[in-house]
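What follows is a set of notes on a single structure, which appears directly below.
The values are calculated or read from the model by the stated rules, or taken from the named source; none is laboratory data. Computed from a predicted model, the values in this text were never measured in an experiment. With ideal geometry, Cβ positions are generated from the backbone for all residues, glycine too; neighbour counts draw on all protein chains shown. The area values use the complete protein model at the heavy-atom level, side chains included, leaving out ligands, DNA and RNA. Shrake-Rupley method; radii C 1.70, N 1.55, O 1.52, S 1.80 Å.
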Amino acid sequence: MSSHPTTAPGGPAAPGSQAALRVANRRRVVDAVRSLGDVTQAGIARETALAPSTVSSIVKELTACDLLAVEGEHGGRRGQRVRFSASAGFLLGVDVGHRHVEVAVADLNLTIRARRRTDLPAGHRATEVLATAREILSELRTGLGITADRVLRAGLTLPAPVDADGKGLDSRAILPHWAGLDVQATASRVLDCPVVVENDANAGAVGEHTLGAGRGVQDMAYLKVSHGVGAGLVLGGRLYRGASGAAGEIGHVTLDERAGLCRCGNRGCLETFVSSSAVLELVRPSGRQPRSVRDVVDAALAGDPGCSRVVADTGRLLGGAVAQLCNLLNPELVVLGGDLSRAGELVLAPLDESVRRYALHGGTQPRTMASELGPQAHLLGALVLARSKTPLPV
Ligand SMILES: [Zn+2]
């Protein structure tokens, strides 16, 4: 028999009544599990300031209706770890890149249960990509034995600025076939569930802040260096999107006005020096024909002098831009994402050196780290955002 939590255990309650208080307390418990993840009942009591006996009885009710699950008997009931039930509902993550789309289905604990990635042609069209995502979702659901109504919400990331309503900003030069499209409405229709849309670097920042290198950090930047270059900013513990969602477009700060034209229409943007295609172009004169930045990083890690030099120079240039970011925002941590981050110290040491050289001395030097979530940072950020917006029946 299905025991999915489709209705509130207590039913609707009059405001101010005992029952309404009970619903409010249940919501606090669920929100604590949502923000803290795998947590003990004692931890929930601390977070919510509810009496341990109240937490214990609410957890029992929500376990009975399959929204929560408890694990472990050590330390008595209050030491039991509480998480979402693995069958309480599912989330969809869709990461759209310049050359790929990756689709994942996760449970409410953000454990990815199935995923598939496929390459896309350059200049892809929104409708084609969404149709591909729908096809992959259908295959993944079939494989997991999940019906469409069990997918509660999707998080979708794009390599372009996205406004607060989930529309792609009208930046035709950045992602031409998505510009001006009401992505949220279109994707919700095609994927058949409510969709949260976010810029990919912003999603990477949320992913690393919640699940990766930035856990517990208040002020951090996530730097996406790939076919496009951008930053996601978490300030005061929250994603900072700016007035129209375009905060952190660090790839388009000008490094050299006399240099080559950027796809945004300006000249000499940071992106024209450090994007994947720029890195591949720099390596070519050495006789190597790498297919991807991953190949360049592998060769650098194996000691190839030309590839090592290109990786280090890219780190130095990124460091110059990071220094400006540090002077403006003073983050505690800068996380480097994208294929280049796999080079570790080969890219981070020159990046740090540039930050030391160009940022204001005293107090503005951030810690710099490679992404902990690696290629999954955007997808996991999308899932975190989807879960944060999903109303759960309490
Ligand atoms: Zn540009």
Environment charge of LEU351, counting only residues whose C-beta is closer than 13 Å and scoring Lys/Arg +1, Asp/Glu -1: 0
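Mind checking the alpha-carbon convex hull of region 295-360 and giving the volume per residue in Å³?
Considering the Cα atoms of region 295-360, their hull volume per residue is 70 Å³.
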Mean Cβ count within 10 Å, highest first, over the residues of peptides 322-329, 95-102: 95-102, 322-329
Furthest towards positive pole of dipole, ALA126, ALA19, GLY155, structure part the chain, Cβ charges: ALA19
For region 18-84, average projected area of the Cα convex hull in nm²: 4.0 nm²
Listed residue (VAL335, PRO350, GLY260) projecting farthest to the positive dipole end of region 215-372, Cβ model: GLY260
Accessible carbon and sulfur surface of the chain relative to its total accessible area, %, 1.4 Å: 51 percent
With Cα atoms, 0 to 90° folded angle of helix 345-358 axis to the chain main axis: 80 degrees
Neighbour net charge for VAL96 - beta-carbon separation under 9 angstrom, K R +1, D E -1: -3
Per residue accessible area in Å² of region 215-372, where ligands, DNA and RNA are left out and the probe is 1.4 Å: 47 Å²
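Whole number in Å², please: accessible area per residue of region 18-84, 1.4 Å probe, ligands, DNA and RNA not counted.
50 Å²
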Dipole of the chain, positive direction: furthest Cα of SER85, THR54, VAL206, with charges on the beta-carbon: THR54
The chain, helix-only ellipticity at 222 nm - DSSP H runs n ≥ 4, -39,500 (n - 2.57), divided by all residues, nearest 500: -12500 deg cm²/dmol
Coil-residue GluC sites (Glu not before Pro) of region 221-310, DSSP, other Cβ within 10 Å capped at 12: GLU257
Helix 126-144 axis, angle to the chain major axis (alpha carbon atoms, nearest 10°): 50 degrees
Burial order of peptide ranges 182-192, 196-206 (average beta-carbon count within 10 Å, highest first): 196-206, 182-192
Inter-centroid distance (Cα atoms) of region 279-351 relative to region 212-247, Å: 19 Å
Rounded to 5, the percent of DSSP beta bridges in the chain classed as antiparallel: 60 percent
The chain, dipole about Cα centre (Lys/Arg Cβ +1, Asp/Glu Cβ -1), debye to the nearest 20: 660 debye
Partners for LYS224 among lysines (Cα-Cα distance below 25 Å; same-chain residues under 8 apart left out): LYS167, LYS389
Longest to shortest principal axis, alpha-carbon extents of the chain, angstrom: 70, 49, 41
